[in-house]
Amino acid sequence: MSFEEYKAALGTSASRRALLFRDGRPFHVLLSQQFSRDDLIHLTDTATSIRRLDRHRDGRDFLRGLLRGIRVMNLFAQPSTRTAESFIAAADKLGATTRLVADIRTSSFSKGETVEDSVRTLSSFFDTIVTRHPEDDFAVRAAWGLQRSSRPIPVVSAGSGKSQHVTQSLLDIYTLRYSLEQRGGIDGRTVLLVGDILRNRAARSLAYLLTKFDVARVDFVSAKNYLPEGGLVQYIEKHGIKVGVDDNLESYLKRRGGEVDAIYMTRLQQEWDKGDGQPTAKGGELGTEDAFVLKSEFRSLIREDCVLMHPLPRVNELPESWEDHPGFVVWRQVRNGMWMRAALFAAIHGADQEIRARAVRLGLV
Amino acid sequence: MSFEEYKAALGTSASRRALLFRDGRPFHVLLSQQFSRDDLIHLTDTATSIRRLDRHRDGRDFLRGLLRGIRVMNLFAQPSTRTAESFIAAADKLGATTRLVADIRTSSFSKGETVEDSVRTLSSFFDTIVTRHPEDDFAVRAAWGLQRSSRPIPVVSAGSGKSQHVTQSLLDIYTLRYSLEQRGGIDGRTVLLVGDILRNRAARSLAYLLTKFDVARVDFVSAKNYLPEGGLVQYIEKHGIKVGVDDNLESYLKRRGGEVDAIYMTRLQQEWDKGDGQPTAKGGELGTEDAFVLKSEFRSLIREDCVLMHPLPRVNELPESWEDHPGFVVWRQVRNGMWMRAALFAAIHGADQEIRARAVRLGLV
Amino acid sequence: MSFEEYKAALGTSASRRALLFRDGRPFHVLLSQQFSRDDLIHLTDTATSIRRLDRHRDGRDFLRGLLRGIRVMNLFAQPSTRTAESFIAAADKLGATTRLVADIRTSSFSKGETVEDSVRTLSSFFDTIVTRHPEDDFAVRAAWGLQRSSRPIPVVSAGSGKSQHVTQSLLDIYTLRYSLEQRGGIDGRTVLLVGDILRNRAARSLAYLLTKFDVARVDFVSAKNYLPEGGLVQYIEKHGIKVGVDDNLESYLKRRGGEVDAIYMTRLQQEWDKGDGQPTAKGGELGTEDAFVLKSEFRSLIREDCVLMHPLPRVNELPESWEDHPGFVVWRQVRNGMWMRAALFAAIHGADQEIRARAVRLGLV
């Protein structure tokens, strides 16, 4: 199968599952849409089991024995300390050995080697690859190349270019499901996404994943030029979910704030604006600087049980004054990223059943 | 408590202890002066226990079980390979997992994130932070920020700016105490510090810590412009310790060399001289290049049981010819840094009692 | 012993063994020629035992207990991700703790410290050093410096300058021996080396090591200016091995291809051509670009049981179309590098007997 054929096959759900799963378990993790609702529920349950087992010495020792001897390479061509450290902590919690390899460019690429040879050579020393790369197709290409080799190992995307950030969307779904647990879960909820939706991978990936649940409504509030593209809106509506778009946060909240179950704030990603990688001046074409800031004075416009999320880093759009709001779960999201990535490693390597069996036996879930 | 209030509270010994200790154990390690004489004796005893337990397979396995599952982030914004490796080895000896994170600037700071958010995000994946930063206040600010969060974890300073290098002074006290053990310890001794005292963190921190013991006399030999500031001299004298200052090493040694129990040599830190980070030409305002060199021909001026120390790196001020002097303990200092840092980790995480109990039972201490 | 004396003593086999071995085991690993035929057979047998033990959970757990508590520093002043990761994986397979230290230049060298002090300081935190450096003598100097200290630890060269790449030649011998096992091993074989022999460390080191076996014939095919220097040819002939040199791969294969048991392809190392580190244009003085390419159409000229090797990275000299040839073992070479380095660590630390005893008992070898 050529790379183009492989990529095309990932576009349809049937062949996607055949390529990315083995024996019902995820093998490669490349796309948010590769997971079904059942997969998501299963993964988030595993994440909760891991999180609770980790609280006590016995549970920690149990977890650290599960992937002992498994070696995970974190191949980060693009610097992202926090994502790398989250993956490394996740693997470490299960006892795997990790390496962060950041300089894939420096060594043999300059000697004329192909990407496939480079990845395959490095993969020889590992049992799983986590990869982050500025090129959209890098993780898919790595999976394809290894799949053709005599020693294919799982590839987990930690963000490819501007398109996907699959583990971010998984941790967001986990946090949302967990935060709404007392109120019956994600089904039937209204979720508001605020900021630069057009270019924020996290917000867009979350919106796609929400269609796996019976969400009542997804609203977007953004500057007119940064609203989600039509394809995303249609995709959500096709799943029977109402979609609203607005370009004024204050008027939106005054109108509908009381109905919103969760708000997902995002940063205005100024640093993508120019081709030269320099952030543009704040504001500018995005309008006044604070038009998409969740101001303290909006507190009375939203419910006290409204979930407040942000993928971080934040600039000024979700001020510190919100940290004492009962629904503020931003720091929990960060920890959840670690638990959810651990759940992924467990599922890939077939340790998830054992984890949940133990958590059930100890009455932790 | 605002950052300014937190910082002010660290200035007085009563509130300092309340902020930096928990249940009688160090939690944050930020300042040399946070430790009492009892603390120092306790820590150095733990360090000796660890050192001796590490000599045998059983002891090593015992040690490696103590902090299993504890994750230590070494956040080094300023490159310092040897200090980082010393901390990492120390944590590893006790079975903790370590990460060296060097590029705090590269990732999210450039996206407009605050230092507090960055540290807190990264800290989510760890149980202890060791931090080194060119800014004097970085470690204190990190401790303050985490203290306000829902998941405070210990912060250990590995050197902040030009002001403090607390673990260097701890290892120096350990080496001094250990080297003088046969002769009754540090109390009553005369210690000579040579070199650029004004700007050498290690020398100044050691001088401060010596006041915790009943040292007889502390002498400084340095170029006139690089003698300790008046505050340090007064501080030592206030503790009933005699202080001498001199600007000629040879004449000092001819006069008093026979009374000196320990000599602490330091490098003339030329690289700080200019704002541009370029070392100045040797000599220059510090006088002739070798005025503060412990020349081989001074050997007859000092006792054979005089302890010879240096914080390294050295240039020419302590020539290799001294390595066969019975009191030359410079390489032991380097190893002691690892043992003392391990003792700190043990104390922070409450493993020190168990370590010493085991060492006592095996007759190692 | 001065450094010059130490270096000279490494030039003769008797004193070389005295300096580099302890109790019959390798201590420092600096030169391919330090190993006898028996050493090589012993090391490759250990590598096979490790490889086979690693296939099962019990074996992996057994291996990971062997060097527990041993700390290995990989001091790579020259970036070489794959070699570093191979060493790190090898040490990790045996349970050792590893660190990759890449910035030896950044820290204390700039403060005027000697190389010996730097290496000795860092070595204080470790039990073994693996070192790669652009200077030919760095590893030898490190071994010499540590040998004079009170705490000498093993030094393993991971490539020094352009002269030696001892572990690459060991893995090549291992792969060759293993691939020819069914046909009676290396003795009596004809080996062909193709490419830029003059400057390729791997090819030259392998040629030297082949003289430890009773090889029938070693042929070189290269551009006239890149043939091996006379010394190498004479050295091989002195061991009773026939040597042939040719500058045309196609005519060579037409003439003798059917007699060749193994072909070792190498890259034309354009990047060394200029002093500025920039690769020169392909071809040029090496003649037409593809004169030393093993073209697909040569397939009928070589035997199906001919072993095909390459040290990687490759450019175009060994096209992907060869990957289905039964003798194509290039990816096995990469894995073998890890197993052979693990065998070295095991031998250095005296764990090799236990490994082979276990493998024998389990019927794995």
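What to note about this one:
- Residue match in region B:207-218 (condition: buried (at least 24 other Cβ atoms within 10 Å of the Cβ) and at positive phi): no
- Some residue of region A:53-65 being touching an Asp or Glu at 6+ places or on another chain (Cβ under 9 Å) and of a type in the set (Gly, Ala, Ser): no
- Matching entry among B:LEU43, B:LEU63 (being under 12 Å from B:ALA346 (Cβ atoms), part of a helix (DSSP H, G or I), within 12 Å of chain C (Cβ to nearest Cβ) and modelled with pLDDT of 95 or more): B:LEU63
- Search result, residues across region C:208-256 that are farther than 24 Å from C:LEU318 by Cα and of a type in the set (Phe, Trp, Tyr): C:PHE213, C:TYR235
- Every residue from region B:112-137 that is hydroxyl-bearing (Ser, Thr, Tyr), crowded, with 21+ Cβ neighbours inside 10 Å and in a loop (DSSP other than H, G, I, E, B): B:SER124
- Filter result for B:THR81 (within 11 Å of chain C (Cβ to nearest Cβ) and in contact with a Ser or Thr (Cβ under 8 Å, 6 or more places away or on another chain)): yes
- Here B:ILE88 meets the list (1) within 22 Å of C:SER124 (Cα to Cα); (2) of a type in the set (Val, Ile, Thr); (3) more than 9 Å from chain C (Cβ to nearest Cβ); (4) in a helix (DSSP H, G or I) almost entirely, failing just condition (3).
- Scanning region A:109-168 for residues that are polar (S, T, N, Q) and more than 11 Å from chain C (Cβ to nearest Cβ) yields A:THR128, A:THR131, A:GLN147, A:SER157, A:SER160, A:SER163, A:GLN164, A:THR167, A:GLN168.
- Just one residue in the set A:ARG55, A:ARG51 is surrounded by fewer than 23 Cβ atoms within 10 Å (Cβ to Cβ), basic (Lys, Arg) and outside any strand (DSSP E or B); that residue is A:ARG55.
- Selected residue (only one of C:THR211, C:THR190 is under 17 Å from C:LEU31 (Cα atoms) and either aromatic (Phe, Trp, Tyr) or touching a residue at least 12 places away in the same chain (Cβ under 8 Å) (or both)): C:THR211
- Residue check, B:ALA90 closer than 30 Å to A:LEU312 by Cβ, touching a residue at least 12 places away in the same chain (Cβ under 8 Å) and of a type in the set (Gly, Ala, Ser): no
- Restricting the first member to region C:67-80 and to residues that are in contact (Cβ under 8 Å) with a residue 60 or more places away in the chain, and the second to residues that are of a type in the set (D, E, K, R) and surrounded by 20 or more Cβ atoms within 10 Å (Cβ to Cβ), the beta-carbon pairs closer than 7 Å and six or more apart or on different chains are C:ASN74/C:ARG99; C:PHE76/C:ARG132; C:ALA77/C:ARG132; C:GLN78/C:ARG132; C:SER80/C:ARG132.
- When the residues of region A:292-319 are filtered to those that are in a loop (DSSP other than H, G, I, E, B) and of a type in the set (Lys, Arg), the one that is farthest from the other protein chains (Cβ to nearest Cβ) is A:ARG303.
- Of everything in region C:149-187 that is of a type in the set (D, E, K, R) and touching a residue at least 12 places away in the same chain (Cβ under 8 Å), the residue that is surrounded by the most Cβ atoms within 10 Å (Cβ to Cβ) is C:ASP172.
- Region C:158-206, subset outside any helix (DSSP H, G or I) and under 10 Å from the mean Cα position of the chain (by Cα), residue nearest to C:ALA90 (Cα to Cα): C:ALA158
- Looking across region C:331-351, just one residue is surrounded by fewer than 20 Cβ atoms within 10 Å (Cβ to Cβ), of a type outside the set (Lys, Arg) and within 11 Å of another protein chain (Cβ to nearest Cβ), and that is C:TRP331.
The values are calculated or read from the model by the stated rules, or taken from the named source; none is laboratory data. These numbers come from a predicted model, not from an experiment. Glycine gets a Cβ as well: all are built from the backbone with ideal geometry, and neighbour counts include every protein chain shown.
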